[in-house]
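Written below as structure tokens is the structure these notes are about.
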Amino acid sequence: MRTIDFRSDTLTKPTDEMRRLMYEAEVGDDVYGEDPTVRRLEELAAETVGHEAALFVTSGTQGNQLALLSYCRSGEEVIVGEDSHIYLYEGAAPAALGGIQLRPVAETEGCMDLAAAVRAIRDETDIHQPRTRVLCVENTHNKAGGRVIPVEKMEQLYMLAKKRGLSVHMDGARLFNAVVASGASAKQYGQYVDSVQFCLSKGLSAPVGSVLTGTKEFIAEARRWRKRLGGGMRQAGVIAAPGIYALENMVERLEEDHANARELAVRLNELPGLKVQAESVETNIVMCEIIEGGHSAESFRDLLLENGIKASPFGEGVVRFVTNRHVAAEDIEETVQRIKKALHRAVLR
């Protein structure tokens with residue numbers, strides 16, 4: 001039985017053209033700033049979001065942490081969403097690496113609540129409190145099921161932050177999913193953040209890497225932090241080349257993943273014992289709730305695996321499905337039929 005893998009869009013493999021470009025990439029020592037392919041990627045990335053400069057990094061987590069370390073000193077605070085990736089899934093890196101405190105606030109449909117964010121900003125004059133330095137948003141929002149923050153809400157959060165003297169960082173690991181789903185450009189989003197990290201290795205299908213963008217001064221500081229953390233790379237053009245191809249050729253195809261996710265959501269919601277808020281599926285992530293049948297997220301995951309389907313437990317009674325370039329439209333029908341039969345057999349046991 002052929003396995004259909006919905007665990008993550010990080011599973012995408014480079015295209016044949018990416019592999020050719022990797023082989024042919026012109027390279028140099030990036031720590032010396034001498035890798036021409038890395039420089040082209042960084043210039044393209046900065047131009048894409050409308051920022052002055054960019055830094056090629058190994059992962060989205062590294063990009064996010066370089067941003068916080070560049071903005072904050074030990075003992076200062078960053079406002080984050082309570083279900084954000086930075087807060088839940090990055091190993092408490094701000095505290096471990098920089099002595100930075102995260103302050104989580106409520107979110108609605110993947111967007112930080114404006115009133116909650118206002119209340120979370122510390123009184124600068126009170127010596128008992130840490131200084132608030134940064135407001136972080138996540139777009140699209142992983143834990144919220146790939147929800148998109150509209151540009152209008154980004155503008156509201158940005159204006160709030162600027163009024164209070166805060167920097168704004170976007171964890172845009174799936175920024176281009178937001179771009180495709182919303183119809184807004186990356187530059188429209190970029191104008192309402194001081195920095196953004198976006199991944200090349202998820203739906204865009206590059207084999208490795210993310211990019212951090214911002215002002216020239218900010219990127220210079222982030223580059224110093226990258227070196228401190230052992231992230232300096234040498235002939236990195238071989239992995240930068242597919243990143244260039246990804247930005248130039250792989251963005252619009254993300255709509256295929258979104259369409260497949262919407263279809264999967266509708267079809268799963270029709271199966272007994274499962275519930276999906278299909279109308280909330282905006283990009284490539286489907287959160288499926290097990291409401292009957294006595295399955296935990298883990299046991300349902302195991303049932304799927306027995307039937308050649310891989311998905312990820314994602315909270316109590318919830319399994320996450322992520323569509324990607326290697327899941328075709330016909331795989332959605334095959335997946336639904338396998339799950340339908342598996343659920344029927346489970347009832348008969």
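General observations
- Here the contact order of the stretch 185-244, divided by its residue count and restricted to Cα pairs under 8 Å and six or more residues apart, works out to 28 percent.
- For residue 5, distant residues with modelled amide H under 5 Å away: 310
- Count of lysine pairs in the chain with Cα separation under 25 Å (8 or more residues apart, or interchain): 26
- A simple count of charges around residue 8, restricted to other residues whose Cβ falls under 10 Å of its Cβ and scoring Lys, Arg +1 and Asp, Glu -1, yields +2.
- Divided by 2.2 N^0.38 Å, where N counts the residues, the Cα radius of gyration of the stretch 48-184 comes to 1.00.
- Kirkwood estimate for the stretch 1-92, i.e. one over the average of 1/r between Cα atoms, Å: 16.7 Å
- Counting only DSSP H runs of at least 4 residues, each contributing -39500 (n - 2.57), and dividing by the residue count of the chain, the helix-based mean residue ellipticity at 222 nm comes to -13000 deg cm²/dmol.
- Sorted fewest first by neighbouring Cβ atoms within 10 angstrom, 326, 258, 51 come out as 326, 258, 51.
- Two-site label geometry, residue 52 and residue 185: point separation in nm, points 7 Å out along Cα→Cβ: 2.1 nm
- 3J(HN,Hα) along the stretch 130-146: x, 7, 7, 10, 9, 10, 10, 10, 10, 8, 6, 9, 4, 5, 7, x, x Hz, from the Karplus curve 6.51 cos²θ - 1.76 cosθ + 1.60 with θ = phi - 60°, whole Hz, x for Gly and Pro.
- Over the stretch 253-348: Kirkwood hydrodynamic radius from C-alpha pairwise inverse distances, Å: 13.2 Å
- Our note on the geometry: Cα centres of the stretch 102-117 and the stretch 139-158, 11 Å apart.
- In terms of other Cβ atoms within 10 Å, 224, 338 run from fewest to most in the order 224, 338.
- Gyration tensor (alpha-carbon) shape descriptor, the stretch 13-249, a/c threshold 1.5: prolate
- The Cα center of the stretch 4-63 and the Cα center of the stretch 251-285 differ in position by 29 Å.
- Global geometry of the stretch 156-259, whether rounded, prolate or oblate, following the gyration tensor of its Cα atoms and the 1.5 cut on a/c: oblate
- Going from the residue with the fewest nearby Cβ atoms within 10 Å to the one with the most, 35, 83, 16 rank 16, 83, 35.
- When the chain is treated as a GNM with alpha-carbon contacts under 10 Å, the residue of 320, 119, 267 showing the greatest mean-square fluctuation is 119.
Each reported figure results from applying straightforward, stated rules to the coordinates on display, with no laboratory input. In this text, all values refer to a predicted model and were calculated from it rather than measured experimentally. Positions of Cβ are generated from backbone atoms using ideal geometry, with glycine treated the same way; all protein chains shown enter the neighbour counts.
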